[in-house]
Amino acid sequence: MTVQSAPRDDFPALRREIDGQTISYLDNGATTLKPRPVIDAITEYYETNGANIHRGKHRLSEEASDAYEASRTVLARYIGAAANEVVLLRNTTEAVNLVAGGLDLPPDAYIVGCLDAHHSQILPWRRAGRLDLTRVDGYGRLDRDHFRQLLRGRPQVVALTHCSNVTGVIHPVEELIAEVRAACDAVIVLDAAQSLPHESVNVHKLNVDFMAFSMHKMLGPTGVGCLFGRSELLAGLRPSSVGGGMVDWVDVDGSVDRRIPFKFEAGTPAIASIIGSAAAIHYLEGLDAGRRHEHAQELCTALVDGALDRPGVSLIGPPDTKDRIPLATLRLADGVPAGEVARLLSDSHGYMVRSGHMCAQPLVTELAGGEVLRVSAYVYNDVTEIEGFYRALDDLLSWMAPTVPAGAGRP
Amino acid sequence: MSDAATFEAVREEITYAFDNTVFFRKHMEASGLRPEDIRDPDDFRRIPPTSKVHYRRNYPAGVLARGYTLNSPNVMRFQSSGTSGDRLNSAIMSYDLARRQATALGVNRRFDALWRPGSRPRICRFAPPNCSDVECATGFSTMEDRILPDGTLVLTVAHDLLATPEWQIVKALDEIESYQPDLLVVDPTHFAFLTRWARRLDRKITSPRHLHTVCGYTLMTRVARRQIEAFMGPDAPIGDMIGMSELGYLGFECDHGQRHINDKDFYVEFVEGGKPVENGRMGELYVTTIDDGLIPRVRYATGDYFTPVGEACACGSELPVVRVEGRATHMVRLPDGRVVTPAAVDAAVGTAPWLDIYKFEQDRTGVCTFRYIPNAAARPDDVAALEARLAETLSPQHVRLEAVDYISAERSGKFQPCVSHISAEAV
């Protein structure tokens, strides 16, 4: 029995029972549950304030603006950025789209991406220019020779994925970024949505130009995506939305945009959720970092070993725990529908896991050929849940095995 | 009600379920019961009812009978969205489904022609998309993608019925024409919608074969029935099915327009407050399967209410006549404690030739709203007359009437004509 790095009791949703049984939430690659301090921060804003920000001079507006901007500072500090380099948006997808659309690339701009990217790091670039995807090997690790070969085409943008949401592989982005810098002057855009919940990143040390992530995958509320951009690059980015809140001056002939990052934040933002995001960062920072790392390794080992021990499933990704988040994607035997298994794991056993193409269909098709089952753990999970998940999976697969003759029980 | 001979079959089912399923053995033992304790219907009622929750939680390991797997021959697996989101994963033997269907449809002579020796009817289904295990909501799949193992073609329709785009409707009409079915298995509200579009597009819904229509999934309103009958014409047999995904056909409408419950393949009870109701009183349907080798169910509380009529039907069928009342989760609860059933609301609405579709909704505070989409036949006094009928049925609860041009379906894809948030939360 291992101990979680965050107390399960901190997460009210885990107290829920469905059909009389407790639940085990193992779909953290999609989103994470929210701890009490995050819920309290959101509730407190609505209970004690509720005013809009950056709009008025009254007391409530001032307080709300202060709390909002203080949250931006917390988020920026967490990734080693300046506050004006962090744009507060809705999600990672919106952040990547803002960059892809705002760089004003020519239609034939050459862009290098990665086959294991989330659709959000593929489709915006496919729309923005001519996208080539770096191949991966059979375990989902990037084909470095192919990457270098693509860089020789002198791309204008290199879109990297820090960690695959399918394989759980953490790519050596420091090395990749160094190779890009050496090969060309491409703008480097990093999707850190899966990695940042598990390991800290310093954007300036990493020497990345843009980085996108979502707070909901790291205990924060939904509706908050963050875009880091180096200030000189952010300043040159064209806002995707215009309107209230992003301008300093408007007259009948034109307008003057506000400075960064405000010029990218048109309209009323998700104030409460952004305040809640700072609470999520505080919560994560309050956990014992050493214990967190150790715990993640234990979860990862349980996930990988559990998959490797079972002949009825294939692990999509490397057969080891090196450079990997606690996530395992499983291909089930032919004829066993992943969606049905996920539903039965939920309804009959209480395990919430994901099925489908994981919004990374090119990779899943390449490595698995069809829909897969994904199990992803986080700070409130423990190894016994992973073991329980595999036992439940074994049980279900035994019922789906095609070998037992029918009717033996009926006289 | 079922006779004593059937009760012997019930005792066999109890013994079989006890000996072969983990769940039911525990269920009996939790009440200190064993199969030999159940000697007559009074003993039988000592068994606590089973429910969807039991079968969802224990599926498959606890409820599949020993010796079967989900891949055994003739096992049909399905995942149902359930009514009001009460979803279920289950399985059924294809021959049990066929047996129950044959018994139920046997009450309606107009459906006799469907079953010819050596052939099975070609079926098209037009129903809420979550009721099927194939991708039918996006409309991007081909006909071949949507043909189930039993040969049923699932037609495409959007999750939000009234938001179904024209191209998808045209596709459904084209596919019916191309597939040439004998039988349409439809949700009546969905099918009425399709007939309205067919009229607008000057299309027909026909087949070179004699086309029959079975309505199920949700309550068949008089408004939907009026439209379906008017469009399909008097020669097209139309019947209302009583059914559940996990059990198949529980009953059917005879050619005299009465609903008959299938008490040959099921032992049926109508229960209120733990006791059987008298004829003419409304009760929840409990069913016990007869000779279900795969997932035997005993005293399975369906959540559906019926009134056993207790009179013979002129059609000659021996299956008991019932009146459909609606689901427990849809009952309208009045401040004075009275309960108004969806069927009673529908009776107050009537065939209402001046409206296309309606939805009656009681919110958590008890406020009732009747939303409807009027058509070109609407006259000013139609609304006033309906308001008066609803007031009479639901008095003293006031009902607000709202003419609208759109009403959303549930996320499950079902369009329920009468819902109550009070009842839904109470159950």
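For peptide A:344-356, how many partner chain Cβ atoms fall within 10 Å of a residue's Cβ, on average? Could you put the intermediate results ahead of the total?
Numbers: counts 8, 0, 3, 10, 10, 2, 1, 0, 0, 0, 0, 0, 0.
Per residue, the number of nearby Cβ atoms from other chains is 3 on average.
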Notebook entry, point to check: Once amide H atoms are placed 1.01 Å from N in the peptide plane, what residues at a sequence separation of 5 or more from residue B:185, or on another chain, have their amide H within under 5 Å of its amide H?
Noted result: B:124, B:125, B:126, B:214
Notebook entry, point to check: Mind checking which aspartates and glutamates have their C-alpha under 13 Å from residue B:359, skipping anything on the same chain fewer than 8 residues away?
Noted result: B:346, B:402, B:405, B:410
Note to self: If I build a Gaussian network model for chain A, linking alpha-carbon pairs within less than 10 angstrom, which residue out of A:182, A:266, A:159 has the largest mean-square fluctuation?
What the structure shows: A:182
Notebook entry, point to check: Under the classification rounded if a/c is under 1.5, otherwise prolate if a/b is larger than b/c and oblate if not, where does region A:74-126 fall, given a ≥ b ≥ c as square roots of the Cα gyration tensor eigenvalues?
Noted result: prolate
Notebook entry, point to check: If you line up the long axis of helix B:4-20 against the longest principal axis of chain B, both from Cα atoms, how many degrees apart are they, to the nearest 10?
Noted result: 80
Next item on the list: Choose one of B:211, B:243, B:426: the residue whose Cα lies farthest towards the positive end of the charge dipole of the protein assembly as shown (beta-carbon charges +1 Lys, Arg; -1 Asp, Glu; about the Cα centre).
Entry: B:211
Next item on the list: Taking only Cα atoms and a 10 Å spring cutoff, compute GNM fluctuations for chain A and point out the largest among A:63, A:179, A:17.
Entry: A:17
Next item on the list: Could you line up B:13, B:278 from fewest to most neighbouring Cβ atoms inside 10 Å?
Entry: B:278, B:13
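What share of the DSSP beta bridges in the protein assembly as shown is antiparallel, in percent to the nearest 5?
65
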Check: residue B:26: which aspartates and glutamates have alpha carbons under 17 Å from its alpha carbon, excluding same-chain residues fewer than 8 sequence positions away?
Finding: A:19, B:13, B:36, B:37
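Per DSSP H run of n ≥ 4, the term is -39500 (n - 2.57); total these for the protein assembly as shown, divide by its residue number, and report the mean residue ellipticity at 222 nm rounded to 500 deg cm²/dmol.
On the way: 24 runs with 267 residues, N = 838.
Taking each H run of at least 4 residues, the total per residue is -9500 deg cm²/dmol.
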Check: Quick one: Karplus J couplings for region B:95-102, per residue in order, coefficients 6.51, -1.76, 1.60, θ = phi - 60°, nearest Hz, x for Gly and Pro?
Finding: 6, 5, 4, 5, 4, 5, 5, 5
Checklist line | All aspartates and glutamates inside 19 Å of residue A:263 as judged from Cα atoms, apart from same-chain residues fewer than 8 positions distant | finding: A:66, A:69, A:85, A:94, A:104, A:209, A:232, A:248, A:251, A:253
Notebook entry, point to check: What ranking do B:34, B:45 get, fewest neighbouring Cβ atoms within 10 angstrom at the top?
Noted result: B:34, B:45
Note to self: Below 8 Å between Cα atoms, with a sequence gap of 6+, how large is the relative contact order for chain B in percent?
What the structure shows: 16
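Where both partners of a DSSP beta bridge lie in region B:4-327, what percent of those bridges are antiparallel, to the nearest 5? Please list the in-between numbers first.
Working: 33 of 47 bridges.
Among the beta bridges of region B:4-327, antiparallel pairing accounts for roughly 70 percent.
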Check: Whole-Hz Karplus ³J(HN,Hα) for region B:421-426, in order, using 6.51 cos²θ - 1.76 cosθ + 1.60 and θ = phi - 60°, x for Gly and Pro?
Finding: 6, 5, 5, 4, 7, 6
Note to self: For region A:38-285, take every pair of Cα atoms, bin their distances at 10 Å starting from 0, and report each bin as a whole percent.
What the structure shows: 7, 31, 34, 19, 7, 1
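Taking the Cβ of residue B:253 as the center, what net charge do the other residues with Cβ under 11 Å away carry, scoring Lys and Arg +1 and Asp and Glu -1? Intermediate results must be reported in sequence, preceding the final value.
Values: positive: B:110, B:225, B:259; negative: B:240, B:255.
Taking every other residue near residue B:253 into account, the sum is +1.
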Check: Where does each of B:414, B:359, B:275 land when they are ranked from fewest to most other beta-carbon atoms within 10 angstrom?
Finding: B:275, B:359, B:414
Check: How large is ³J(HN,Hα) for each residue in region A:55-72, as worked out from phi by the Karplus curve 6.51 cos²θ - 1.76 cosθ + 1.60 (θ = phi - 60°), to whole Hz, x for Gly and Pro?
Finding: 10, x, 9, 6, 4, 5, 5, 4, 5, 5, 4, 4, 5, 5, 5, 5, 5, 4
Check: Which cross-chain or sequence-distant (5 or more) residues have an amide H under 5 Å from the amide H of residue B:356, H modelled 1.01 Å from N in plane?
Finding: B:373, B:375
Notebook entry, point to check: What residues of region A:241-258 lie in the reach of a label at residue A:52, counting those whose backbone N is under 13 Å from a point 7 Å from the Cα along Cα→Cβ?
Noted result: A:243-247
Check: Out of region A:304-380, which trypsin sites (Lys or Arg not before Pro) are coil in DSSP terms and have no more than 15 other C-beta atoms within 10 Å?
Finding: A:322
Check: Can you give the angle from 0 to 90° between the axis of helix B:380-394 and the longest principal axis of chain B, with both taken from C-alpha atoms, to the nearest 10?
Finding: 20
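Using Cα pairs under 8 angstrom and six or more residues apart, how large is the relative contact order of region A:38-285, in percent?
Working: 486 pairs, mean separation 64.4, N = 248.
It comes to 26 percent, rounded to a whole number.
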Note to self: Classify region B:351-412 from the C-alpha gyration tensor, please: rounded if a/c falls under 1.5, else prolate or oblate depending on whether a/b exceeds b/c.
What the structure shows: oblate
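Nearest 5 is fine: what % of DSSP beta bridges in chain A come out antiparallel, could you say?
Working: 28 of 46 bridges.
Roughly 60 percent of the DSSP beta bridges within chain A come out antiparallel.
For chain B, compute Rh as the Kirkwood radius over C-alpha pairs and then the Stokes-Einstein diffusion coefficient at 37 °C and 0.692 mPa s; write the answer in µm²/s, rounded to an integer. Could you put the intermediate results ahead of the total?
Numbers: Rh = 22.5 Å.
Estimated via Stokes-Einstein, D reaches 146 µm²/s.
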Margin query: On C-alpha positions alone, give me the angle between the axis of helix A:289-308 and the longest principal axis of chain A, in degrees, nearest 10.
Written below: 40
Next item on the list: Could you please state, rounded to a whole Å, how far the C-alpha centre of region B:357-376 is from the C-alpha centre of region B:40-101?
Entry: 34
Margin query: From the Cα trace of the protein assembly as shown, what convex hull volume per residue do you get, rounded to a whole Å³?
Written below: 209
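Each reported figure results from applying straightforward, stated rules to the coordinates on display, with no laboratory input. No experiment lies behind these values; they were computed from the predicted model shown. Every residue, glycine among them, receives a Cβ derived from its backbone with ideal geometry; neighbour counts consider all protein chains shown.
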